[in-house]
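The values are calculated or read from the model by the stated rules, or taken from the named source; none is laboratory data. The structure displayed is predicted, hence computed values, not measured ones. No Cβ is skipped: glycine too gets one built from the backbone with ideal geometry, and neighbour counts run over all protein chains shown. Accessible surface is based on the protein model in full, side chains and every heavy atom, while ligands, DNA and RNA are left aside. Shrake-Rupley method; radii C 1.70, N 1.55, O 1.52, S 1.80 Å.
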Amino acid sequence: MGAGSRLKERKDAMRIVIVGASRFGIATAEQLVEEGHDVVLVDQDGAKLERLAEEIDCGFLEGDGSLPSVLRDAYADGADALVLLTNVDDVNILAALVGRSVGYPRVVPQIVRRQLLAVCDELGLENLITPHATVARSIVRSLEEHADTALDLRAYSGFDVLGYKVQAAQDGQGVSDLGLPKQARAIALTREGEDRLLDEDTTVREGDLLIVAVAPDAQDRMDQLFAEPEDNSDAE
C-alpha cells in the first residue's frame, strides 16, 4: 500500500504521519481527515489497514514505524509532524527519535507510563501525549466548572467519563453499594463546591455529582440508576 492520500481543499492543510493503528491512532486519523488534513497511517498489520482503507480517506503504509526506511517512505516529499500512537511506550519513543533523525520537524509520542516522562525530557522529546494525565486534567476542569450535565469526554480506551447526580434514595450509600455495572468505575465527586477523589470509605450524598468512567454498553444501566424520580405530587 502506498503512502499517498487524497487531500481535501484547505490552504493550511498539514501532512501528518501517524504510527500505530490503535484505537487512539484511528480516532486521531479520522479527526484529522475530517478537518481537511493529509494523513498517512502506518502499522505492521496489513490486514487491519486493508479494512481501515474502506473507512478512512487517508494514506496507508504497512511496516514497522520505528524503522528509518518506513518513516522515510511515509515522509515522502515532506511532512509537518509525526505522531506516535502505538500501545507500547518504548516503541513510541524509539520511533520519535528515528523520526527526528529522518527529518520530521515535529515528533509527538504518546507516553502512558509516568516513569518514562523523565527519559523523554532527557532525550529532548518535548511534545508528548499523556492520555491518563490529560483525562485527569479534564475531570478536574469539569469539576471546577460544577457542570450538572454529563461531561463531554471520550477517553482513548473506549470509556466515556460522565457525571451523574446522586439521588435521594442513594444518600448515605458507599460507592461500592451503588450497584454500578461491571463496566463502570466511579472516579471522583464534587460536593458543595468541593472536589475530591474517591476512596474505599467514601459515601455519597444527595446532590453530589459523581464522575464515572463508563463503557458505552453500560450507559443505559447508569442512566437508570441515577434517573430522577417521577414527580407524583399531582396524582390523586
Boolean, ASN92 is out of contact with any Lys or Arg (no Cβ under 6 Å at 6 or more places or on another chain), assigned to a loop (DSSP other than H, G, I, E, B) and of a type outside the set (D, E, K, R)
no
Collect the residues in segment 88-108 that are open to solvent by less than 50 Å² (accessible area, probe 1.4 Å) and either of a type in the set (Val, Ile, Thr) or more than 24 Å from ASP12 (Cβ to Cβ) (or both), keeping them in residue-number order.
ASP89, ASN92, ILE93, ALA95, ALA96, VAL98, VAL102, VAL107, VAL108
Of those in segment 22-72 that are in contact with a Ser or Thr (Cβ under 7 Å, 6 or more places away or on another chain) and of a type in the set (A, V, I, L, M, F, W, C), the residue farthest from LEU82 (Cα to Cα) is CYS58
Taking segment 101-127 and keeping residues modelled with pLDDT of 90 or more and over 20 Å from LEU41 (Cβ atoms) leaves SER101
Would you please list the contacts, defined by Cβ atoms under 8 Å and residues six or more apart or on different chains, that run from a residue in segment 22-39 that is crowded, with 21+ Cβ neighbours inside 10 Å to a residue that is part of a helix (DSSP H, G or I)?
PHE24/PRO131; VAL39/ALA29; VAL39/LEU32; VAL39/VAL33
Going through segment 64-87 in order, the residues found to be small (Gly, Ala, Ser), touching a residue at least 60 places away in the same chain (Cβ under 8 Å) and surrounded by 15 or more Cβ atoms within 10 Å (Cβ to Cβ) are ALA74, ALA76, ALA79, ALA81
Only one of ARG205, ARG196 is at pLDDT below 90, basic (Lys, Arg) and open to solvent by 40 Å² or more (accessible area, probe 1.4 Å), namely ARG196
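Sort through ALA155, ALA184, ALA213 and tell me the only one that's closer than 30 Å to ALA21 by Cβ, at pLDDT 85 or above and either open to solvent by less than 30 Å² (accessible area, probe 1.4 Å) or acidic (Asp, Glu) (or both).
ALA184
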Residues that are assigned to a helix (DSSP H, G or I), more than 22 Å from ASP160 (Cβ to Cβ) and among the aliphatic types (A, V, I, L, M), drawn from segment 24-57:
VAL33, ALA47, LEU49, LEU52
Tell me which residues, restricted to segment 80-89, are not small (Gly, Ala, Ser) and not in a loop (DSSP other than H, G, I, E, B).
LEU82, VAL83, LEU84, ASP89
